[in-house]
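First the structure, in the form of structure tokens, and then the observations on it.
The values are calculated or read from the model by the stated rules, or taken from the named source; none is laboratory data. Every value quoted in this text rests on a predicted model; they were computed, and no experiment measured them. As a convention, Cβ positions derive from the backbone with ideal geometry for all residues, glycine included, and neighbour counts pool all protein chains shown. Note: areas computed on protein heavy atoms with side chains; ligands, DNA, RNA excluded. Shrake-Rupley method; radii C 1.70, N 1.55, O 1.52, S 1.80 Å.
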Amino acid sequence: RDLHKEYRRQRQMCIRDRGGFQSIRKLCSKGGRLQESREAVLTAVEESDYLTLVPPKGSMYAFIGVNTEKLPSFDDEAFAMELLEQQHVLVAPGSSFNTDYRSHFRITTLPDEELLGKVFARINEVLEQMASRPPKLETA
């Protein structure tokens, strides 16, 4: 019993030293950090000419689609590599999740809204570059 009491006392001290308990309800509620991050992702996608998204309901990831009418030759793996090399932003290509399409990528929604804003500015910059390239010619 004394060991259990001591464990709880030390755990409370550690939690207090780290800024206290952060309830998942508080984090996900309106005004909570995770809710604000989710909203930043939704807003950034909505403001983009190239991106689409079914809003995540409980996950900490967003599976973002790219409008292939505007970017018909979009390839998720090529995009992920170009984004990493040019803008130092890492995303997971959607096709790495066993999809039969190559028009999506996955990001985490955990960074704060300011950082997510910077990330989406970089994503859109690469998408703009891709859109400005001449279309690839098909060969027989």
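Scan the stretch 48-80 for residues that are touching a strand residue (DSSP E or B) at 6+ places or on another chain (Cβ under 7 Å), under 18 Å from Arg133 (Cβ atoms) and not in a strand (DSSP E or B) and the total you get is 7.
Quick check on this structure: which one of Leu83, Leu116, Leu110, Leu127 is part of a helix (DSSP H, G or I), touching a residue at least 24 places away in the same chain (Cβ under 8 Å) and in contact with a Ser or Thr (Cβ under 7 Å, 6 or more places away or on another chain)? Break it down stepwise before answering.
Details: Leu83 fails: in contact with a Ser or Thr (Cβ under 7 Å, 6 or more places away or on another chain); Leu110 fails: part of a helix (DSSP H, G or I); Leu127 fails: in contact with a Ser or Thr (Cβ under 7 Å, 6 or more places away or on another chain).
Of the residues listed, the single one that is part of a helix (DSSP H, G or I), touching a residue at least 24 places away in the same chain (Cβ under 8 Å) and in contact with a Ser or Thr (Cβ under 7 Å, 6 or more places away or on another chain) is Leu116.
In this structure, is Ser96 touching an Asp or Glu at 6+ places or on another chain (Cβ under 9 Å), of a type outside the set (A, V, I, L, M) and open to solvent by 30 Å² or more (accessible area, probe 1.4 Å)? Yes, satisfied. The single condition from (1) open to solvent by less than 100 Å² (accessible area, probe 1.4 Å); (2) within 27 Å of Asp112 (Cβ to Cβ); (3) at pLDDT 90 or above that Val54 fails is (1).
Of all the residues that make up the stretch 57-78, how many are under 18 Å from Thr99 (Cα atoms) and not small (Gly, Ala, Ser)? Working first, answer last.
Step one: filter the stretch 57-78 for residues under 18 Å from Thr99 (Cα atoms), giving 61-68, 72-78.
Cutting the leftovers down to not small (Gly, Ala, Ser) gives us 61, 63-64, 66-68, 72, 74-77.
Qualifying residue count for the region: 11.
Of all the numbered requirements in (1) at pLDDT 95 or above; (2) open to solvent by 70 Å² or more (accessible area, probe 1.4 Å); (3) more than 17 Å from Ala92 (Cβ to Cβ), Asn67 misses one, and that requirement is (2). The residue that is nearest to the chain's Cα centre (by Cα), counting only those in the stretch 99-120 that are hydroxyl-bearing (Ser, Thr, Tyr) and buried (at least 17 other Cβ atoms within 10 Å of the Cβ), is Thr109.
Would you confirm whether or not the stretch 23-42 contains a residue that is closer than 23 Å to Ser132 by Cα and at pLDDT 90 or above? Let's see the steps before the verdict.
Of the residues in the stretch 23-42, the ones closer than 23 Å to Ser132 by Cα are none.
There is no residue in the stretch 23-42 that is closer than 23 Å to Ser132 by Cα and at pLDDT 90 or above.
Taking the stretch 42-51, which residues are polar (S, T, N, Q) and crowded, with 17+ Cβ neighbours inside 10 Å? Spell out the reasoning first.
Taking the stretch 42-51 as the starting set, the residues that turn out to be polar (S, T, N, Q) are 43, 48.
Scanning the stretch 42-51 gives a single hit, Ser48.
Only one residue in Thr52, Thr43 is of a type in the set (Val, Ile, Thr) and free of Cβ contacts under 8 Å to residues at least 12 places away in the same chain. Which one? Before the answer, list the steps.
Working: Thr52 fails: free of Cβ contacts under 8 Å to residues at least 12 places away in the same chain.
Result: Thr43 is the single residue among Thr52, Thr43 that is of a type in the set (Val, Ile, Thr) and free of Cβ contacts under 8 Å to residues at least 12 places away in the same chain.
Sort through Glu85, Glu39 and tell me the only one that's surrounded by 13 or more Cβ atoms within 10 Å (Cβ to Cβ) and of a type in the set (Asp, Glu).
On the way: Glu85 fails: surrounded by 13 or more Cβ atoms within 10 Å (Cβ to Cβ).
Just a single option satisfies the conditions, and that option is Glu39.
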